[in-house]
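Just below is one structure, and these are the notes that go with it.
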Amino acid sequence: QLPYICLQISVTRVVADFFNNQTAAMKIETSLVLVLVVWSALCAGEEEKKKEKVKKLQIGVKKRVDNCTLKSRRGDLLHMHYAGKLEDGTEFDSSYPRGQPLTFTLGSGQVIKGWDQGLIGMCEGEKRKLVIPSDLGYGASGAPPKIPAHATLVFEVELVKIERKEEL
C-alpha cells in the first residue's frame, strides 16, 4: 500500500505542475489521456493476477454433514460423484450423467494426487470443491484431448459411500 500511495502523491505533483502551464482545452485532453493510461495499467495488473497459476491444493467444503461418525482415510474404498472442469469452466468429465459414482481406494494412486490428498477426512454425504494445481493433476503431459498441459483442475465432489476393511 505505501509504495502505491507514494507513487500516487508523486504523480499528483507532476500532474499539478504540468497543468499550471496548460490551457483549459489541453488540460482536459491531458486529463483524459492520464486517466486512460492509469486505467490500462490497473487492468493489465488484474489480468496478470488472473493468469497466475494455482500452486497449492485448495479444498472448500460445500456441504457439511451433521453427526459424522466415519471419515475417509487412506485405504478406504470410496464411491465418489464428481464433475471436473478446467479453470475457464469447460467441463471435461462427470460421473453424474452416467448415474454411477467412481469407485477407488483412497491413497493408492488410482486417482490423481489432488484427489488422494483432497478427499481425506470426508464424511458420507459431504460435498467439496477441489482446486488442483497441475503438479497434483495431469502435469506437463495433460490428458489430451480434453485436459491441456499444465492445467489447473476444478472438481465438485460428493462422497456417496465409504467402505472400510475392518482392522485385525
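Quick one: would you say Ser134 is at pLDDT 95 or above, among the polar types (S, T, N, Q), more than 28 Å from Lys165 (Cα to Cα) and open to solvent by 10 Å² or more (accessible area, probe 1.4 Å)? Against the criterion (at pLDDT 95 or above, among the polar types (S, T, N, Q), more than 28 Å from Lys165 (Cα to Cα) and open to solvent by 10 Å² or more (accessible area, probe 1.4 Å)), Ser134 qualifies.
Inspect region 96-116 for any residue being within 19 Å of the chain's Cα centre (by Cα), at pLDDT 95 or above and among the polar types (S, T, N, Q) and give the result as yes or no. For region 96-116, residues within 19 Å of the chain's Cα centre (by Cα), at pLDDT 95 or above and among the polar types (S, T, N, Q): absent. Test Lys146 against the criterion of being surrounded by fewer than 18 Cβ atoms within 10 Å (Cβ to Cβ) and either of a type in the set (Gly, Ala, Ser) or more than 24 Å from Asp88 (Cβ to Cβ) (or both), and give yes or no. Answer is no for this residue. Applying the condition of being open to solvent by less than 30 Å² (accessible area, probe 1.4 Å) and touching a helix residue (DSSP H, G or I) at 6+ places or on another chain (Cβ under 6 Å) to region 113-131 and asking which residue is nearest to Cys68 (Cα to Cα) yields Leu130.
Could you tell me how many of the residues in region 69-81 are outside any loop (DSSP other than H, G, I, E, B) and either among the aliphatic types (A, V, I, L, M) or open to solvent by 100 Å² or more (accessible area, probe 1.4 Å) (or both)?
Taking region 69-81 and keeping what is outside any loop (DSSP other than H, G, I, E, B), we get 71, 77-81.
Filter again for either among the aliphatic types (A, V, I, L, M) or open to solvent by 100 Å² or more (accessible area, probe 1.4 Å) (or both), leaving 71, 77-78, 80.
Residues flagged as outside any loop (DSSP other than H, G, I, E, B) and either among the aliphatic types (A, V, I, L, M) or open to solvent by 100 Å² or more (accessible area, probe 1.4 Å) (or both) within region 69-81 amount to 4.
Which is surrounded by 13 or more Cβ atoms within 10 Å (Cβ to Cβ) and in contact (Cβ under 8 Å) with a residue 40 or more places away in the chain, of Leu106, Leu57, Leu102?
On the way: Leu106 fails: in contact (Cβ under 8 Å) with a residue 40 or more places away in the chain; Leu102 fails: in contact (Cβ under 8 Å) with a residue 40 or more places away in the chain.
From the options Leu106, Leu57, Leu102, the qualifying one is Leu57.
In the set Asp93, Asp66, only one residue is open to solvent by 100 Å² or more (accessible area, probe 1.4 Å) and more than 13 Å from Met122 (Cβ to Cβ); that residue is Asp66. Every condition in (1) open to solvent by 20 Å² or more (accessible area, probe 1.4 Å); (2) in a strand (DSSP E or B) is met by Gly84 except one, and the failing one is (1).
The values are calculated or read from the model by the stated rules, or taken from the named source; none is laboratory data. Please read all numbers here as calculations on a predicted model, not as lab measurements. Positions of Cβ are generated from backbone atoms using ideal geometry, with glycine treated the same way; all protein chains shown enter the neighbour counts. The protein model used for the area step is the full one, side chains on, heavy atoms only, and it has no ligands, DNA or RNA in it. Shrake-Rupley method; radii C 1.70, N 1.55, O 1.52, S 1.80 Å.
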